[in-house]
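Have a look at the structure below before the remarks.
Each reported figure results from applying straightforward, stated rules to the coordinates on display, with no laboratory input. Everything numeric here is computed off the predicted structure, so don't read it as measured data.
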Amino acid sequence: MSTFHREFRYWVAKVSDANAALTEQERGQLAALMQKVAAHREVAGKTPLECVVVESDWPIHDSTWAAVERLSHGLTVECLDKLRLEHSMAALNTLADSIEGHEESSDLISSQSIRDCANNLPKDLELGIF
């Protein structure tokens, strides 16, 4: 299996950062350039570019990179299912962390019940990387 290398393949700017850093004229120029690139993709017969950005401070950042690496080497449906479960468990545990200590109302779901849900997800899937 070849070594996975992260590549610089996309320019990404967070809209709030661009709004704060650029003048109205510069934002217009940026939008025009992006539209030109999108039009070129269309002329070249490519589909519109759609991407998912996961910021480095999100709890699924590392597992997302791991998923990209696995995809670069090829994987089975079972592996994708395991990755989905890993993301689900991470999301549930993050949710539990965020509400822990703020469970005064009996109408709210408890952080422990969320953790129980995460812990009851199936763990018997094997990684099927080929």
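Observations on the structure shown:
- Against the empirical curve 2.2 N^0.38 Å, the C-alpha radius of gyration of the range 1-53 lands at a ratio of 1.48.
- Amide H contacts of L75: F130, each under 5 Å away and 5 or more positions distant or on a separate chain (H built 1.01 Å from N in the peptide plane; Pro and chain starts excluded).
- Global form of the range 1-108, assessed from the alpha-carbon gyration tensor, a/c cut-off 1.5: oblate
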